[in-house]
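Each value in this text was obtained by applying a stated rule to the coordinates, not by laboratory testing. No experiment lies behind these values; they were computed from the predicted model shown. Cβ placement follows ideal geometry from the backbone for every residue including glycine, while neighbour counts extend to all protein chains displayed.
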Amino acid sequence: MDKTANRAGAGHADPASPSGPSRRRLDRRTRWLAGWALAVLGIACLAMFVDLPLTRYLQANVPSGVDLAFEWIGEIGDSDNYSWIVLLVYIGALIGLARGASGAWIGGYARVARGALLLMAAWIAGGIVVGVLKKVVARARPEMYFEHGFYGLGEAFAGKPFNSFPSSHTLTAFVLAAAIAATAPRLRWAVYTLAVLAAVSRVVNLDHFASDVATSALIAVTAVHLLKARFLDERYRWPERLPWQWFGRR
């Protein structure tokens, strides 16, 4: 009788325990939160033990030619180079959708429109977070240490040069990388490599400390992660409509 009961019970999962898709979502969320917590811990370690020694080393040892090369690489993270391009790509994708055209890539114009919107939304959300942190934290840039011997935090809302934390250039580079990787996964290694180079350039050029760029990278990836389902999930049709039609239907 016990065996029969055991067999009967084996076919029925405990209703209180998650299973199937809900269990997988829970596992993904748990892994994401664990990774996020580890990243925050890593950033704290950078700030306490790495930032100043690394900046001193770079200031003393980086040749002028390498410094100049990274100046050019740093342009990857300049938002002025992308804002109009992303907007034009989005408009072009909407025109393609309106004409009923299908692009020669997976997802066609619909995927491009969704990805461009995701990028812009994450850019705005991440930019707000970075802007607030810059003003409130008021961390002195490396130049303050080398020119005035000051390392640390100034008064909130002090403005330049107390706006080192986090890095706006790195935010731009990683929002671009994360949004493109979410939209077109085959490109993820290429775009993340470029983003890392842009972040490294900000440290090599003594514009930021290592924890500044690491924080911006985390903010960018988090923004894209939190928003991507709303923009890329095909159950939501609004990203494929004109902006003034977004709120009429799902």
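Of the chymotrypsin sites (Phe, Trp or Tyr not before Pro) found in the stretch 152-201, the ones in coil according to DSSP and having at most 11 other Cβ atoms within 10 Å of their Cβ are Phe157. Extending 7 Å from Cα along the Cβ direction at Val66 and again at His225 yields two label points whose distance is 3.2 nm. Taking the fewest neighbouring Cβ atoms within 10 Å as the starting point, the ordered list for His148, His208, His225 is His148, His225, His208. Structure remark: mean-square fluctuation, Gaussian network model of the chain, C-alpha springs under 10 Å; the largest value among Ala44, Ala195, Ala173 belongs to Ala44.
For the stretch 204-213, backbone phi angles converted through the Karplus equation (6.51, -1.76, 1.60; θ = phi - 60°) give residue-by-residue couplings of 4, 7, 6, 8, 8, 8, 4, 5, 4, 6 Hz, Gly and Pro being listed as x.
Per-residue 3J(HN,Hα) values for the stretch 181-186, derived from phi via the Karplus relation 6.51 cos²θ - 1.76 cosθ + 1.60 with θ = phi - 60°, read 5, 5, 7, 10, x, 5 Hz in sequence order (x marks Gly and Pro).
Among the trypsin sites (Lys or Arg not before Pro) in the stretch 96-204, those placed in a DSSP loop whose Cβ has at most 15 other Cβ atoms within 10 Å are Arg99. Free of any GluC sites (Glu not before Pro) that DSSP assigns to a loop and that have at most 11 other C-beta atoms within 10 Å, the longest stretch within the chain is 1-154.
The orientation-averaged projection of the convex hull spanning the C-alpha atoms of the chain amounts to 20.4 square nanometres. For the stretch 102-179 and the stretch 32-95, what is the separation of their C-alpha centers, rounded to whole Å? One Cα centre to the other: 9 Å. Among the chymotrypsin sites (Phe, Trp or Tyr not before Pro) found in the stretch 104-141, those both in a DSSP coil and sparsely packed, with 16 or fewer other Cβ atoms within 10 Å of their Cβ, are Trp105.
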